[in-house]
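Below: one structure, written as structure tokens.
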Amino acid sequence: MNVDFNSLEVGYDIPAAPGMAEADIQTPCLVVDLAALERNIAKMQNFADEMGVRLRTHGKMHKSADVALMQIAAGATGICCQKVSEAEAFARAGVTDILVSNQVRDPAKIDRLARLQRLARAIVCVDDINNVAELSAAATRHGTTIECLIEIDCGAGRCGVTTTADVLAIAHAIVAAPGLTFSGIQAYQGAVQHLTSFEERKAKIDVAIAMVRDAVDALKAEQIECTIVGGAGTGSYAFEGNSGVYNELQCGSYAFMDADYGRILDGDGNRLDAGEWENALFIFTGVMSHPKVDVAICDAGLKVQSVDAGLPVVYGRTDVTYIKCSDEHGVITDPDGKLAVGDKLRLVPGHCDPTCNVHDWYVGVRDGVVEQLIPVTARGKAY
Ligand SMILES: *Cc1c(COP(=O)(O)O)cnc(C)c1O
């Protein structure tokens with residue numbers, strides 16, 4: 001993108017322009033380290049290839065069509081989305097294989113889902129037999145086909161059925177319904193992903209795998225094949241990937257990483273950010289005041305991040321600590337008085353997904369220079 005800043009009379013609505021030095025980027029905004037992102041994308045694809053499973057990355061994390069297309073170019077089979085509006089934004093931008101890994105019950109949204117199939121392969125999750133008739137009617141009305149996965153609640157306590165008998169009953173209804181195709185099982189154990197202990201995550205995913213295997217075997221006994229058996233996130237993908245039952249991984253956060261995922265431990269007791277995954281996403285912030293000798297105030301507060309999983313961590317520094325925030329301010333302790341007004345810092349956000357969703361742009365940086373601006377395509381697409 002080429003922008004002539006002098007031609008804009010009332011400022012500009014982008015935080016940086018290609019060619020700028022990182023230090024000149026307007027703060028606060030999101031910076032993406034492109035080389036780290038590329039390495040994370042290649043690495044997860046490689047893990048999936050080695051385990052012999054497909055990777056269907058979760059687009060709800062980055063909400064960026066450009067990042068999704070990078071993941072697909074690296075080998076991903078398609079993406080997951082959580083909402084129909086989000087799926088539409090990705091489809092308009094050229095993503096052609098989309099799983100809405102969620103329930104769609106509002107008639108208007110079901111209608112849009114049925115129309116989406118004209119632009120992309122559209123797959124949705126079902127956990128209630130009454131939803132089958134709703135989806136079927138919409139697909140028939142629009143002359144399209146909606147692929148359905150039955151969602152199993154394998155421990156997260158959110159949507160999903162909990163018995164193989166329910167899976168079988170809904171599967172038979174889908175198979176019999178005009179306009180619908182039965183494509184398999186959705187089983188994401190969201191509640192284990194951020195548990196620190198590797199053993200605890202493994203034990204809970206073993207329970208999920210057993211539930212899914214039981215359902216897949218029971219379907220097979222009735223001649224119903226699962227094309228997709230999907231689930232898994234950044235904290236668990238190796239368990240599902242090596243299960244012999246799952247064939248699609250839905251990891252999202254690995255591409256950008258965040259402070260909360262950085263803290264969890266792998267099988268060797270190492271932090272996930274100690275080598276397996278690199279921090280590629282940063283909240284870039286500027287120091288705007290140094291009101292006390294040992295306190296600096298930066299411009300990244302609650303409006304540019306989600307702190308539900310903890311405060312951001314100042315990247316690469318142990319001498320200064322981000323300790324609290326309000327709407328537009330972040331308080332950083334600076335015991336040795338190292339910071340000065342105008343300094344710019346990279347913060348690793350506590351939780352990537354809801355942080356990305358409050359920004360319009362990622363500023364893509366390589367070797368300290370802005371290379372490209374990447375729009376957060378599906379920003380705000382929560383309906
Ligand atoms: C969020 C989500 C994921 C991705 O998980 P990460 O922990 O971000 O890797 C996968 N599947 C579903 C259904 C999700 O909602």
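No value in this document is a laboratory result; all are computed from the given coordinates. Just so we're clear, the structure is a prediction, and the values are computed from it rather than from any experiment. Cβ: placed from backbone, ideal geometry, glycine included. Neighbour counts: every protein chain shown.
Brief remarks on what is shown
- Unmet criterion (only one of (1) within 14 Å of the ligand (Cβ to nearest atom); (2) within 24 Å of ASP66 (Cβ to Cβ); (3) in a loop (DSSP other than H, G, I, E, B)) for GLY230: (3)
- Applying the criterion of at least 1 residues that are within 16 Å of the ligand (Cβ to nearest atom) and over 13 Å from ILE25 (Cβ atoms) to the strands (runs of 3 or more DSSP E) found wholly in segment 338-383 leaves 344-348.
- Residue match in segment 135-146 (condition: closer than 22 Å to GLU86 by Cβ, within 16 Å of the ligand (Cβ to nearest atom), among the hydrophobic types (A, V, I, L, M, F, W, C) and under 25 Å from the mean Cα position of the chain (by Cα)): no
- Across segment 165-177, not a single residue is classified as without any contact (Cβ under 8 Å) to a residue 40 or more places away in the chain and either within 16 Å of the ligand (Cβ to nearest atom) or part of a strand (DSSP E or B) (or both).
- The single condition among (1) within 16 Å of the ligand (Cβ to nearest atom); (2) in contact with an Asp or Glu (Cβ under 8 Å, 6 or more places away or on another chain); (3) farther than 22 Å from ASP33 by Cβ that ASN247 does not satisfy is (2).
- Residue match in segment 114-126 (condition: out of contact with any Leu (no Cβ under 9 Å at 6 or more places or on another chain), within 15 Å of the ligand (Cβ to nearest atom) and not small (Gly, Ala, Ser)): no
- Scope segment 257-304; condition within 15 Å of the ligand (Cβ to nearest atom), assigned to a helix (DSSP H, G or I) and touching a Ser or Thr at 6+ places or on another chain (Cβ under 7 Å); matching residues: TYR261, ARG263
- Each residue in segment 47-87 was checked for being assigned to a helix (DSSP H, G or I), more than 11 Å from the ligand (Cβ to nearest atom) and in contact with a strand residue (DSSP E or B) (Cβ under 9 Å, 6 or more places away or on another chain), and 13 pass.
- Positions within segment 180-217 being away from the ligand (no atom under 16 Å from the Cβ) and either closer than 20 Å to CYS81 by Cα or without any contact (Cβ under 8 Å) to a residue 60 or more places away in the chain (or both), in sequence order: LEU180, THR181, PHE182, GLU199, ALA203, ASP206, VAL207, ALA210, ARG213, ASP214, VAL216, ASP217
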